[in-house]
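Every read-out reported here was derived from the displayed coordinates using simple, explicitly stated rules and does not represent laboratory data. Treat the numbers as computed from the prediction; the structure is a model and nothing was measured. All Cβ positions, glycine included, derive from the backbone under ideal geometry; neighbour counts span all protein chains shown.
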Amino acid sequence: MRVLAIASAGGHWVQLLRLLPAFEENEIVFVSTHKSFSQTVKNCPFYVIPDANRWNKLKLLKVCFCVLGLLYIIKPDVIITTGAAPGLMAVIAGRLLGAKTIWIDSIANVEKLSLSGRIALLFANRTYTQWPDLATSKIKYKGSVIG
Amino acid sequence: MIFLTTGTQEPFDRLVKAMDDLCPMLKGKNIVAQVANSAYKVRHMETYNFLEPEDFNRLFQDAELIVGHAGMGTIISALMNEKPLLIMPRLSRYGEHRNDHQLATAKAFDRLKYVRVAYEVKDLNLQLEHMIKGNLRSMHQLKNYASDELINSVRHYIHSLI
């Protein structure tokens, strides 16, 4: 299986790396929003994309094209992400292109799923929260990145 | 050395200024800070706009105490490195974030007693003093990876696709 593991720089990325044993036996391609993060996954292919949030529509569009281009090149079987906006785009585009998609909502979202997570819920094959109170029939809770 | 980090994206000048003001009172302790896009003119601290992961990790390991915003990168890095951590949440009413999810994060980790929290600038000094006097122990230890249950759930799902 070819797994695309994608997360924005900072806390999203730190959380993605803590999930590594879940998919490390597969062929992994990492994607993040800052080139220096390749230092943390030295033995795997790593691609950098621009960062964007929902307040900058032009940048969002640019990220969207980058993500689409990467999916076209990489052709992943599975996409796994801990957010944020670029991860959501990969989930939506990946689902439309036939990949299986996994959204793990950041542990920062204690009281409700992030906005990206609520959108991802409509597209992802699997959606996880990291807080038991947020679990529903469609949102799984199986512990968290901190145990 | 105290390491201050406000993440990699938005500025958090309320915390940067407060720590800069406190710096001369922390006898013999210097502060190194990652202060993304800050407009505040720092007087007493050694600052960087962005630290690459290798430099960030080295400073984290060298620090005796971490002070940061209530971002998950900061919280998880402190727990992984077994460093005592004091966090102050960004608040939307000061324009520091789009919403108050950092306040919810801070309260949740405060309840778990994994970190210390200064909810406002006025709490920083007291919390810092308390931590320095308390021998600077980490409040919680993490395993190397996420919970076995989460890892197994994701792994089994990927396996089921083959």
With -39,500 (n - 2.57) per DSSP H segment of 4 or more residues and division by the full residue count of chain A, the 222 nm estimate, nearest 500 deg cm²/dmol, is -9500 deg cm²/dmol
With 26 Å as the cut-off, how large is the P(r) tail for the protein assembly as shown, expressed as percent of Cα-Cα pairs? 44 percent
A correct Karplus calculation of ³J(HN,Hα) over segment A:80-95, with 6.51 cos²θ - 1.76 cosθ + 1.60, θ = phi - 60°, whole Hz and x for Gly and Pro, returns 10, 8, 10, x, 9, 4, x, x, 4, 4, 5, 5, 5, 5, x, 4
Once phi is turned into ³J(HN,Hα) by the Karplus curve 6.51 cos²θ - 1.76 cosθ + 1.60 with θ = phi - 60°, what whole-Hz value does each residue of segment A:50-59 show in order, with x for glycine and proline? x, 9, 7, 10, 5, 8, 10, 5, 5, 5
What are the residues whose amide H is under 5 Å from the amide H of B:Val67, where those residues sit 5 or more places off or on another chain and H is modelled from the backbone? B:Phe3, B:Leu4, B:Thr5, B:Leu86
Over segment B:51-128, what number does the Rg to Rh ratio reach, with both radii from the alpha-carbon atoms and Rh per Kirkwood? 0.97
GluC sites (Glu not before Pro), restricted to segment B:26-113: which are DSSP loop and have at most 14 other Cβ atoms within 10 Å? B:Glu64, B:Glu82
To test your reading of the geometry: what angle, between 0 and 90 degrees and rounded to tens, separates the Cα axis of helix B:13-22 from the longest principal axis of chain B? 50 degrees
Compare A:Lys42, A:Lys75, A:Lys100 in a GNM of chain A, Cα atoms joined below 10 Å, and give the one with the largest fluctuation. A:Lys42
Grab the alpha carbons of segment B:1-153, take their convex hull, and tell me the volume per residue in Å³. 121 Å³
Those chymotrypsin sites (Phe, Trp or Tyr not before Pro) in segment B:33-79 that DSSP places in a loop and that have at most 13 other beta carbons within 10 Å: none
In square nanometres, what is the average projected area of the Cα convex hull of chain A? 8.2 nm²
HN-Hα J in Hz across segment A:13-21 - Karplus 6.51, -1.76, 1.60, θ = phi - 60°, x for Gly and Pro: 5, 4, 5, 4, 5, 6, 9, 3, x
Would you mind counting up the charge near A:Glu111? Only other residues with Cβ under 11 Å from its Cβ, with Lys and Arg at +1 and Asp and Glu at -1. 0
Just to confirm the number: angle between the C-alpha axis of helix B:148-160 and the first principal axis of chain B, 0 to 90 degrees, nearest 10? 50 degrees
Can you return the lysines within cross-link range of B:Lys17? Criterion is Cα-Cα under 24 Å, with same-chain partners fewer than 8 residues away left out. B:Lys27, B:Lys29, B:Lys41, B:Lys83, B:Lys107, B:Lys122, B:Lys133
Residues meeting the amide H criterion for A:Lys100 (H placed from the backbone, H to H distance under 5 Å, 5 or more places apart or on another chain) are A:Val78, A:Ile79
Measuring from the longest principal axis of the C-alpha atoms of chain B, the long axis of helix B:121-133 (C-alpha) lies at a number of degrees, nearest 10, equal to 80 degrees
